[in-house]
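The structure under discussion appears below in the form of structure tokens.
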Amino acid sequence: MTAWARRAAPTLSAWALCVVLFAIGAIHSSGFAAWDNIRDLLVFASFVGFAAVGETLVVLGGGLDLSVPWVIAFGGIQLSHWASIGGGAGIVAVVAVGAAIGFVNGVGVAWLRVPPIVMTLAVGGLVQAYLLAIGLLQSTGNQLPAAAVDIATSRVAGVPIVALIWLGVALLVGGLLARAALGRKIYAVGASETVAELSGVDVRRVRLQTYMLSGAFASFAGVVISGYVGQTYLDIGNPYLFTSIAAVIVGGASILGGRGTYWGTVAGAMTLTVLGAMLPLFGLSPAGLDIVYGIVILVGVWASTAGGALVLGRIRHHRRRSPQLPGAEVQHAP
Amino acid sequence: MTNMLRIAGLAKRYGSVRALEGANVEAAAGEIHAILGENGAGKSTMIKILAGVTPADAGEVTLDGTRLALGRPARADRAGVRTAFQELSTVPGLTVAESLLFRREPSLALGFVRRRELNRHASELLSRLGLAHIDVRARIDELGLGERQLLEVAKALRDPARVLVLDEPTSALSTEDSAWVLGQARRAADAGAVVLFITHRLAEVRAAADRLTVLRGGVDVLTGATEDFGDDELIAAMLGRRIERLYAERTAPRSDAVLVVRGLRVGGRVGPLDLDARAGEILGIGGLQGQGQRDLLMALGGARRWLDGSAELNGAPFHPLSPREALRRRVALVPEDRQREGLLLGHSVQANVTLAALAQFVRHGVLDVRKETLAARSVVARVGLAEQRLPDAANTLSGGNQQKVVLAKALLSDPLVLLLYDCTRGVDVGTKAEIFALMAELASAGATILYYSSDLSELVHMCDRVAVMVEGRIRSVLESDELSEQAILRVALAEAEHYRSAPA
Amino acid sequence: MSAATTAATPSPLVRRRSRRIPWSALSTAAIMVALGAADVIIQPNLLNLFQIGLLLQTALPLVFVAAAQTLVVLVRGIDLSVGGVLVVANGLTVVTVGGAGGDHQLLLILVLVVGLAAGALNGVLVGVLGLQPFIATLGTWTIFNGIALTVLPTDGGTPPPWLINFTLGAVGGVPNTLIILVGVVVVWRILCATKLGIRIRAVGADEDRASLNGTSVLAVKLIVYSLAGLCAALAGILLAGATSTGTPTAGDAYILTSVAAVVIGGTSLVGRGGGVGLTVMAAMALTFISDIVNAENFSVWVSVAASSGLLLVVVVLRGVVEQVVERRHA
């Protein structure tokens, strides 16, 4: 087993899970593999994918962002309030403010040393309060600009634009993590803050940057999602708190940071979407869907940590009797 | 023979590292038995097995001919094995009383702890042991390291022991406190316990131990009554056959001062320190463990706040506020703990090696991976690591190779001043020789190296001068003729000398 | 050796404990008292046992969920599934217990056992399988939510009348809810006074050292997570009593609020101590905020902003104070 395969294993297994689920759906119902359905799946998966960009970066850096759902809601609602400045400019402005919200998170976590869960929870609450306030103060029309609706619903050669944008974002974020200095630093900070600091990485700045990116992408996700739905409402982001974190985890990233890829998250987002679309075919209620979701996450995480190492160890053992025991990393030479 | 602790054929491996390979120790009740050995000789592993922290892979431990059921701390405790751990087992969040009587709390039905009783029992225990000055209601994390170490010993003494294991129980203690520990060990032995005493201080062995066993490379290499062996014999047994030319040839340092430190104070306990290091010099930082050497090197590497003092690097003011700033001034630190401070364990060797010098390979934020790979290749070649290991995860490497990765990382930033903290600890002899050769080469190329080692002979052989630290200050700087292991020890142990005169 | 033994009176570093001032308890109490006083000034009729009882009726579900969260946080975990357990218990209370009609108080025990089992499941995932608490309880949170929706698909149902009467009732003029609130704190103090209390503190402070001393970290975690499940189930039962109906989607709102209450109370997320008493005070502070907002007819955002703002201010101030203290000691 090459080093590359070892590192890519969690990502690959997430993709494998996605393909298997899709195949089951396709075998069970012929319409599942139809282009129309795939197109819808891609659109829904891209929503999760956008929401999970920031979560991926933050989690890889050893943090967590609970403000994502409120920043998503912010993206849509604020955009409808700023409709007058024009669609394109409005979107840019909303994404910029999203980054600013991330900035606040980052300052709290990196400089004030507030635990990420608490900081992003509090900031999310403040964003929610702001949305409640403007929602009640200016209840005018609240039309989304056409640009947002266009992004979310038009197609190029039959392919939804959001899917293409998502592909672009995935290439960009994937490239950032694999080829940019910032990507290296994010992994380093997530793997060990101490080592990163002693190696001259500006840990606080890296943290700040991940939270800012998270805010920007969450806000953009809000634009796209509300554009697709055609309206905005306060709870629009709520489902994405769970799914964005779940996509990151199912995609093989470690919640402790330092391990994972955005391509894994893409696979995780697709897996969750395919799962959500196919379970009703088997007559499962939304309640049943919740239960299966939960079990998939638990099994997925267990497999990608302890269980996965066990299975891989077996395979390796069978292939060539390598005497190396798994888990050598935790042992100190005494 | 009755009342005999017999450790037979004990073996344990961690991954690819063999910590113990069939070690044997025999000790009788009523005797203090010292266990000696270099770092990595297997002492800690043996203690962990005795204390039930780790199960052994093979071998057995018998007392009076019956096999002791170990394997879990609670079982070892039931078997009468009491251990004072070097890492300290008192729990930070608890009070002294709670910690001392952990799992021995006087209680009513349903587990209600009788707090007054608890405190009284703890006070009695402490006064019985002569530690009445420690408040049983204080929280463990409010205590100093020395007090915590005393409590660690007290906890091991709270119940009668069949086997009392003292793992470097005096490393943070003053002379009087160390004498107290030795006294308690003798008392326990007189009460019929087997006392295993692990220490690096030969003086303490002479003062307290009746018999001893030397471990090397996971096996016992020497055993017998303490008075039968001279210090040289013991040291030779611990070190084994020295490989030829372990220490590289040195060239003389130049005269120009590179790093000048004046009045440096770090934390509450270290400093004020003055230091001058020249180009091409290897300046040793010596002394017993924990005398502030770590704080000194960390402060120069930008990883500790300076409370006071100033420094000049090549004539320009130098006061790094972060490791990043230090690296920018080409001062690189190789920290103490390569697993926790030096390496991203799950990441590739290449990612580790280039982490501190990423800026060299970046254009517009994008890594030039080819340039990075080339640089990584050349630098791992310099430290003697095969370039095939570059894609491997750091945690798949042996301890020696891991240390080479940490060194390579420091080298890639092309340091003027290299701060090495105990970089040969737990490293095999071959790698040591390579590291020494590299140090000599760097120094002759004009780099300044500050080198702390817990191994005296390394300091003596590799360094031009050795600054011996005692209690946070530089007690003496030894050079050329006066530089010897004995001289360093004499300075470091100035106060501990009287052990030699104490009867065993 | 005798010379060494008798002469060895270790260093006279006499350290008499200066009575430590419990700053976190004091600051939390100050916050609670200030907000409570504000509430009383705005609504003077609150100074009446019946009104207090009503206020506590709305507060108790949060108090119990937050108590559950505190227990888990004390062993350096986090429990996102408290909301899930709450709604399962809530649904069972209206469907099974309420549906049975009559005086089947004992059926409540069944609900509590379910809560205990749900908590134990978390304990197994975290303690035995070694999953990260955040992820393990993220998974069980959705599972429990799904189960709750299966038990009770939509809002509705009625809890048994005696439960509603109980939450409204009083003993000798003292509202039952006040007795329960005091009971929570008393039970916590009792727990602290037991060996289990010491074990929990030890595991929270330092797992490795606790196990070095022969404690089974696994057992402690199993017990703690199970107790958290029990508390969350109690919250679900009391919520049914307080609202006179079942709400299978009520749980999610409690999860993050419970974390907020724990943090405002001053319990450390990284094992530096804390307790349920602190959390109860913080939960009361949060309740006062929403009560004031309701009384003044402010819009909802004021309440959300005030609670989040309080969380942020408290946590940032504590962080700053800690850093200053650390610098002093350095």
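Just so you know, all these numbers are worked out from the coordinates, no wet-lab data involved. What you see is a predicted model; the values in this text were computed from it and never measured. Heads up, the Cβs are rebuilt from the backbone with ideal geometry, glycines too, and the neighbour counts pull from every protein chain shown.
Axis of helix C:82-92 versus longest Cα principal axis of chain C: the two differ by about 30°, to the nearest ten degrees. Largest GNM mean-square fluctuation among A:Gly215, A:Gly288, A:Gly300, using chain A with Cα springs under 10 Å: A:Gly288. With 5 Å bins beginning at zero, the pair-distance distribution over Cα atoms of segment C:66-174 amounts to 2, 12, 19, 19, 16, 13, 10, 6, 2, 0 %. Choose one of A:Ala52, A:Ala287, A:Gly175: the residue whose Cα lies farthest towards the positive end of the charge dipole of chain A (beta-carbon charges +1 Lys, Arg; -1 Asp, Glu; about the Cα centre). It is A:Gly175, whose Cα lies furthest towards the positive end.
Both radii were evaluated on the Cα set of segment B:424-494; the Rg over Rh quotient, with Rh as the Kirkwood radius, amounts to 0.98.
Evaluate E = 1/(1 + (r/R0)^6) for A:Val92 and C:Thr249, where r is the Cβ-Cβ distance and R0 equals 25 Å; express this FRET efficiency to the nearest 0.05.
Step by step, r from the Cβ atoms, then E = 0.10.
For segment B:357-444, the list of chymotrypsin sites (Phe, Trp or Tyr not before Pro) that fall in a loop by DSSP and count at most 14 other C-beta atoms within 10 angstrom is empty. Looking only at chain B, where both bridge partners belong to it, what percent of the DSSP beta bridges are antiparallel (to the nearest 5)? Antiparallel bridges: around 60 percent, rounded to the nearest 5.
For segment B:227-305, the gyration tensor built on C-alpha atoms gives an oblate shape. Its axis ratio a/c (a ≥ b ≥ c) is at least 1.5, and a/b is not larger than b/c.
For segment B:1-119, the square roots of the Cα gyration tensor eigenvalues, ordered a ≥ b ≥ c, give a/c of at least 1.5 with a/b greater than b/c, which places it in the prolate category.
When you work out D = kT/(6 pi eta Rh) for segment C:152-195 at 25 °C and 0.890 mPa s, using the Kirkwood radius from C-alpha pairs as Rh and the Stokes-Einstein form, the result is 191 µm²/s.
Summarising the strand pairing of segment B:134-250, around 55 percent of its internal DSSP beta bridges are antiparallel.
Simple rule: put +1 on each Lys or Arg Cβ and -1 on each Asp or Glu Cβ in the protein assembly as shown, find the dipole, and look at A:Trp166, A:Val195, B:Ala467; the Cα lying farthest toward the positive end is A:Trp166. The longest stretch of chain B left intact once loop-based GluC sites (Glu not before Pro) with at most 14 other Cβ atoms within 10 Å are removed from consideration, loops following DSSP, is B:250-470. Spin-label model, A:Thr194 to C:Val320: label points 7 Å out along the Cα-to-beta-carbon direction sit 3.0 nm apart. Once the Cα atoms are used to define both axes, helix C:251-265 deviates from the longest principal axis of chain C by about 40 degrees. Both radii were evaluated on the Cα set of segment C:21-63; the Rg over Rh quotient, with Rh as the Kirkwood radius, amounts to 1.06. Taking other residues whose beta carbon is less than 9 angstrom from the beta carbon of B:Ser454, and scoring Lys, Arg as +1 and Asp, Glu as -1, yields -2. For the pair segment C:60-138 / segment B:43-65, the C-alpha centres are spaced 42 Å from each other. Under 10 Å, Cα contacts only: if you run a Gaussian network model on chain A, which one of A:Leu281, A:Leu42, A:Leu234 comes out with the highest mean-square fluctuation? Answer for the Gaussian network model of chain A: A:Leu281. For chain A, complete DSSP H runs whose alpha carbons reach 27 Å or more along their own long axis and whose mean Kyte-Doolittle score is 1.0 or higher are A:3-28, A:35-60, A:87-106, A:116-137.
Shown for segment B:168-266 is the translational diffusion coefficient from the Stokes-Einstein equation, using the Kirkwood radius over Cα pairs, a temperature of 37 °C and a viscosity of 0.692 mPa s: 191 µm²/s. For chain C, modelled as a GNM whose springs connect Cα atoms under 10 angstrom apart, the maximal fluctuation among C:Gly241, C:Gly183, C:Gly53 occurs at C:Gly183. FRET efficiency for the B:Glu26 to A:Val20 pair, using the beta carbon distance and R₀ = 56 Å, is estimated at 0.40.
All other residues whose Cβ lies under 12 angstrom from that of B:Gly267 are scored, Lys and Arg at +1 and Asp and Glu at -1, for a net of +3. Taking 45 Å as R0, compute the FRET efficiency from the Cβ-Cβ separation of A:Leu12 and B:Leu321 and round it to 0.05. It comes to 0.55.
Computed about the Cα centre, the dipole magnitude for chain A is approximately 1240 debye when only Lys and Arg (+1) and Asp and Glu (-1) carry charge, each at its Cβ.
Return the loop-located chymotrypsin sites (Phe, Trp or Tyr not before Pro) in segment C:157-231 (DSSP other than H, G, I, E, B) with at most 10 other Cβ atoms within 10 Å of their own Cβ; answer none if there are none.
Counting only loop positions with at most 10 other Cβ atoms within 10 Å, none of the chymotrypsin sites (Phe, Trp or Tyr not before Pro) in segment C:157-231 qualifies.
An ellipsoid equivalent to segment B:316-413, defined through the eigenvalues of its Cα gyration tensor, has semi-axes of 21, 17, 11 Å when rounded to whole angstrom and sorted largest first. Its Cα centre serving as origin, segment B:62-192 has a Cβ charge dipole (Lys and Arg +1, Asp and Glu -1) of approximately 640 debye.
What shape does segment A:205-285 take by its C-alpha gyration tensor, where a ≥ b ≥ c are the square roots of the eigenvalues and a/c under 1.5 counts as rounded, a/b above b/c as prolate, and the rest as oblate? Cα axes put segment A:205-285 in the oblate bin.
With N counted as the residues of segment C:123-207, its alpha-carbon radius of gyration over 2.2 N^0.38 Å works out to 1.60.
Taking the centroid of alpha carbons for each part, segment C:155-234 and segment B:166-243 are 50 Å apart. With viscosity 1.002 mPa s and temperature 20 °C, the Kirkwood radius over alpha carbon pairs of segment B:265-382 converts through Stokes-Einstein to a diffusion coefficient of 131 µm²/s. As a quick test, which of the pairs B:Lys43/B:Lys155; B:Lys155/B:Lys432; B:Lys155/C:Lys221; A:Lys185/C:Lys221; A:Lys185/B:Lys12 have an alpha carbon distance above 31 angstrom in this structure? Distance filter (> 31 Å) returns B:Lys155/B:Lys432; A:Lys185/C:Lys221; A:Lys185/B:Lys12. A helix-only calculation puts the protein assembly as shown at -17500 deg cm²/dmol for mean residue ellipticity at 222 nm, using -39500 (n - 2.57) for each DSSP H run of at least four residues, averaged over all residues.
Neighbours of B:Ile47, meaning other residues whose beta-carbon lies under 11 angstrom from its beta-carbon, give a summed charge of -1 when Lys and Arg score +1 and Asp and Glu score -1.
Our summary of shape: the Cα atoms of segment C:245-330 have principal axis extents of 54, 27, 19 Å, ordered from largest down, in whole angstrom.
Grouping the Cα pair distances of chain B into 20 Å bins from zero gives a pair-distance distribution of 21, 51, 26, 2 percent in increasing distance order.
How big is the equivalent ellipsoid of the protein assembly as shown along its three axes, where each semi-axis is √(5λ) from the Cα gyration tensor, reported in whole Å from largest to smallest?
Semi-axis lengths for the protein assembly as shown are 54, 39, 28 Å.
Between the listed residues C:Trp301, C:Ala250, C:Val320, the Cα displaced farthest toward the positive end of the dipole of segment C:224-330, a dipole computed from Cβ unit charges relative to the Cα centre, is found at C:Val320. In chain C, the longest principal axis of the Cα atoms and the axis of helix C:217-243 are about 30 degrees apart.
Distance between the 7 Å Cα→Cβ label points at B:Asp276 and B:Gln289: 3.4 nm. Here, segment C:122-267 has an Rg and a Dmax of 17.9, 51 Å when only alpha carbons are counted.
Measuring max minus min along each principal axis, the C-alpha atoms of chain C give extents of 81, 48, 38 Å (largest first).
Computed across segment C:15-104, the Kirkwood hydrodynamic radius from all distinct Cα-Cα pairs reaches 17.0 Å. Charged side chains reduced to their Cβ positions (Lys and Arg at +1, Asp and Glu at -1) give the protein assembly as shown a dipole of some 480 debye around its Cα centre. Between B:Asp231 and B:Arg137, residue separation times 0.36 nm minus the direct Cα-Cα distance comes to 29.5 nm.
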